[in-house]
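Below: the structure, in structure tokens.
The values are calculated or read from the model by the stated rules, or taken from the named source; none is laboratory data. Every value quoted in this text rests on a predicted model; they were computed, and no experiment measured them. Cβ placement follows ideal geometry from the backbone for every residue including glycine, while neighbour counts extend to all protein chains displayed. Note: areas computed on protein heavy atoms with side chains; ligands, DNA, RNA excluded. Shrake-Rupley method; radii C 1.70, N 1.55, O 1.52, S 1.80 Å.
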Amino acid sequence: ELLQLYSFRRVNFMAEAPASAPAPLSPFTVPPFVKPYLEKAKPYLGHAKTAVKIATPHIVAAYNFALRLWVLAQPYHPEEFLPALGGLILLFFGGRYMTLIAAYEALRLSGWDRLHKCAHDLMENYKKAKEASDKDDEVDADGDGTADVNQISTEELFSRKAKLVFKVVDPEQVTDALTGIYACFVAVIATLKVRFAQAITLGVAIGEIFFKPADAYLRPILEANVPPEYQKWIRPGIRYGCKSLGISIAWFIQRVIFAFHSSVRGANLFVFGSLAYLARRGYCQSFDESTSMFAGLTVFVAAVGFFMQVTSGFGLPFPFWLFLFPIDFVEYLLVYFVGVK
């Protein structure tokens, strides 16, 4: 009887079941919980797309202009002056871009060739996807005079572009390139953490020294002005503030030391590169690095560079900080990742 009852219920359940199960979701279908966020992000994505379209011609024009300048300068052999130019950058900006220069040195010694190959593979796949997307933007399948991409919803556009990208790019190359870039980034951050661990440790120690007098004199003042329910945050806040101040002081000391080192190294590269370039062009006689005149000129140039870096607070004058803002942003990012535990 139990078997008959089970068979009867099973037959009824199968009879009541729908004739066909719902079709599985396409791998490119946007999940329902993502749709509201895509709709909210649609205006911002549109603005971002417009900004990219506006900026791209200017970036390409600047790149082509730089290439033309490089071609025009070929009779003067500018590649021979590159060491002097690198020394000039170290001479006046070494302390400001301390973390970035250290990251470049670590990357050059460990994974520069791999990073170059990964970036090249990503760029090639991006060009393929960009070319296919530009052609897709012009498709007018129904012949009504309006491109199809301007007649579909955000979800359909996302699905359409995703299918297009997955169709034209090489998954093996993209995966290997992203993995290689991430591995280089992790290796550089680990190297920087080891290199600047001493500065961070010194900063924490300085912060602990500041904490004792700050806790003794500052906490009573804060307790008298902070409501009782928030007073539990006073001591941790003072400790965190003292540690932040200590790390800032230690980082500034490290920056001064690095500025001194970069000034000496940059002065040597700049003087040697400049004199070697002038000697090759026949503007001066050959020189010897071991002479006192070369050493004195290097020391003088290094002193000027170090003095300008320290007295300016490792800042930049107006025209330079505007053009070097992307480099400053990368420097701040590296400092953040080095300080994150």
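Brief remarks on what is shown
- Net length gained if the chain between L245 and V149 were fully extended (0.36 nm per residue, minus Cα distance): 29.2 nm
- Estimated from the Cβ-Cβ distance and a Förster radius of 30 angstrom, the FRET efficiency linking M123 and A205 is about 0.10.
- Debye, to nearest 20: dipole size of region 241-341, +1 on Lys, Arg Cβ, -1 on Asp, Glu Cβ: 160 debye
- Amide H contacts under 5 Å for A147, placed H, 5+ residues apart: none
- Whole-number accessible area per residue in Å² for the chain, which is evaluated in the context of all protein chains at 1.4 Å: 71 Å²
- Only helices reaching 27 angstrom along their own axis (Cα) with mean Kyte-Doolittle hydropathy no lower than -1.0 count here, and for the DSSP H runs of the chain these are 35-72, 171-195, 197-225, 234-281, 292-311.
- In a reduced charge model with +1 at each Lys and Arg Cβ and -1 at each Asp and Glu Cβ, the chain shows a dipole moment near 1120 debye about its Cα centre.
- A quarter of the convex hull surface defined by the alpha-carbon atoms of region 175-327 gives 17.1 nm² as the mean projection.
- Per-pair calculated FRET efficiency, R0 = 25 Å: F329 and A197 via Cβ, rounded to 0.05: 0.55
- Estimated FRET transfer efficiency when R0 is 56 angstrom, pair E80-Q231 (beta carbons, to 0.05): 0.25
- Cross-link pairs exceeding 30 Å between alpha carbons, from the set K40/K130; K40/K167; K49/K128; K42/K193: K42/K193.
- Cross-link reach list, aspartates and glutamates versus K127, counting only Cα pairs under 20 Å and skipping chain neighbours closer than eight places: D136, D137, E138, D170, E172, D176
- Carbon + sulfur, % of accessible area of the chain - ligands and nucleic acids excluded, 1.4 Å: 69 percent
- Sorted peptide list for 239-246, 165-172, criterion being average Cβ within 10 angstrom, highest first: 239-246, 165-172
- Take every pair of alpha-carbon atoms less than 8 Å apart whose residues are at least six positions apart; their mean separation over the length of the chain yields a relative contact order of 27 percent.
- Note: region 127-234, Cα convex hull, 232 Å³ per residue.
- Note on region 204-327: dipole from Cβ charges, positive end direction compared against W233, S262, S292; the farthest Cα belongs to W233.
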